[in-house]
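Data first, discussion second: the structure below is written as structure tokens.
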Amino acid sequence: MGCAAIAKRSVIPAIKKLSNKFELVCVASRTEEKANEFAEEFDCKAIVGYDNLLEEQLDAIYMPLPTGIHDEWIEKAQKKGLHIYAEKSIALDNAGAERMIARAKDKDLALMEGYMFQYHPQHVIVKELLKNKEIGELRCFRGAFGFPPLADGNFRYDSEIGGGVLHDAAGYPLRAAFYILGDELEVVGSSLFFDTKTNSETFGSAFLKGADGMGAQIAFGFDNFYQCNYEIWGSKGKITLNRAYTPGANFSPTIILEKSGEVAKEINVAPSDHFVKAFEVFYDSIFNLQIREKNHSAILLQSASLQKIKLLSA
């Protein structure tokens with residue numbers, strides 16, 4: 001539902017690779033030209049109009065629409081009994097997320113938010129390093145995701161459809177903080193810069209507090225020197241990932257382990273398509289209640305935390 005760049009570049013190719021799990025039936029766009037372009041490239045049916053897509057015989061949909069219109073189309077799709085994988089952020093606020101989850105549970109449907117980076121094997125390796133106490137006891141998490149200004153008119157600047165950095169780049173280091181430190185983290189401080197030229201929030205930061213003195217610092221932006229990293233500081237060392245969120249399917253990321261003031265090890269991770277792995281999890285969630293409920297809980301935590309970043313920055 002929607003012919004976004006990420007759908008063309010990464011998601012539809014991933015779905016096509018999983019032909020043992022999914023059949024790509026059709027692609028919908030608001031315009032006939034775009035629908036035909038995608039349908040021709042990916043060998044499926046072209047649909048003009050999102051309502052028309054929901055009249056097709058489908059089991060699930062992928063939704064790369066802007067956050068601000070998710071509420072309408074997720075509700076319509078759920079009423080049709082469809083499982084949904086939606087791009088981040090899935091909801092504008094916590095209330096919206098709660099409505100989506102309530103409908104999903106009522107109709108026994110999978111609902112998953114598109115933070116695909118979690119399924120890259122580099123993060124599994126990081127978890128193993130932490131488990132083995134390679135950097136001692138955890139002390140702090142720091143994560144950053146930001147990039148230079150986007151082109152004028154980019155939908156990410158459009159506040160009317162949920163644009164702004166909070167519902168885009170901010171979600172990545174926030175989700176990573178929960179992945180590393182656990183769901184007990186709580187947002188306790190934040191700042192957001194509102195750009196009057198673009199009429200949207202363009203950069204910010206937040207601090208999260210956990211148990212036993214643990215903390216997480218995250219930073220994000222649309223008007224920044226490019227950063228795509230997180231680091232975990234421990235009592236005896238540090239782990240750094242410099243391509244934490246967007247390693248391409250053919251890219252081999254490096255995990256840097258530092259001890260005693262020098263690099264102790266550089267771990268080169270084999271290339272992996274985390275979009276494929278994310279859709280494998282989505283497929284499993286359709287049939288596995290435990291996985292489905294884990295995804296639902298992650299959505300609620302993420303939405304509530306983003307909302308708190310917004311409230312505390314006021």
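The values are calculated or read from the model by the stated rules, or taken from the named source; none is laboratory data. A quick note: this is a predicted structure, and the numbers were derived from the prediction, not measured. Note that each Cβ is placed from the backbone with ideal geometry, even for glycine, and that neighbours are counted across all protein chains shown. Ligands, DNA and RNA are excluded from the accessible area calculation, which covers all protein heavy atoms including side chains. Shrake-Rupley method; radii C 1.70, N 1.55, O 1.52, S 1.80 Å.
Structural remarks
- The set of residues from segment 185-243 being over 21 Å from the mean Cα position of the chain (by Cα), in a loop (DSSP other than H, G, I, E, B) and crowded, with 17+ Cβ neighbours inside 10 Å comprises 198, 210, 214.
- Close pairs from segment 250-272: first closer than 23 Å to residue 136 by Cβ, partner open to solvent by 50 Å² or more (accessible area, probe 1.4 Å) and of a type in the set (A, V, I, L, M), Cβ under 8 Å, at least 6 apart: 255/125; 256/263; 257/263; 257/264; 258/264; 267/125; 269/125
- Any hit, segment 289-311, residues being more than 25 Å from residue 67 (Cβ to Cβ) and open to solvent by 40 Å² or more (accessible area, probe 1.4 Å): yes
- Members of segment 244-260 found to be open to solvent by 10 Å² or more (accessible area, probe 1.4 Å) and either touching a strand residue (DSSP E or B) at 6+ places or on another chain (Cβ under 7 Å) or not in a loop (DSSP other than H, G, I, E, B) (or both), listed by number: 246, 252, 254, 256, 258, 259
- Residue 276 being within 23 Å of residue 295 (Cα to Cα), buried (at least 19 other Cβ atoms within 10 Å of the Cβ) and aliphatic (A, V, I, L, M): yes
- Meets criteria (out of contact with any Gly (no Cβ under 8 Å at 6 or more places or on another chain), at positive phi and of a type in the set (Gly, Ala, Ser)) for residue 182: no
- Of the helices (runs of 4 or more DSSP H) lying entirely inside segment 1-61, those carrying at least 2 residues that are small (Gly, Ala, Ser) are 32-42.
- Total residues in segment 232-271, condition over 19 Å from residue 135 (Cα atoms) and out of contact with any helix residue (DSSP H, G or I) (no Cβ under 6 Å at 6 or more places or on another chain): 10
- Some residue of segment 108-124 being assigned to a helix (DSSP H, G or I), more than 30 Å from residue 229 (Cβ to Cβ) and either open to solvent by 10 Å² or more (accessible area, probe 1.4 Å) or free of Cβ contacts under 8 Å to residues at least 12 places away in the same chain (or both): no
- Test set (1) assigned to a strand (DSSP E or B); (2) buried (at least 18 other Cβ atoms within 10 Å of the Cβ); (3) among the small types (Gly, Ala, Ser) - residue 177 fails condition number: (1)
- In segment 149-166, the residues that are closer than 13 Å to residue 66 by Cα and assigned to a loop (DSSP other than H, G, I, E, B) form Cβ pairs under 8 Å with partners that are open to solvent by less than 50 Å² (accessible area, probe 1.4 Å) and aromatic (Phe, Trp, Tyr), at six or more places apart or across chains, as follows: 163/157; 164/157.
- Some residue of segment 77-98 being open to solvent by less than 20 Å² (accessible area, probe 1.4 Å) and among the charged types (D, E, K, R): yes
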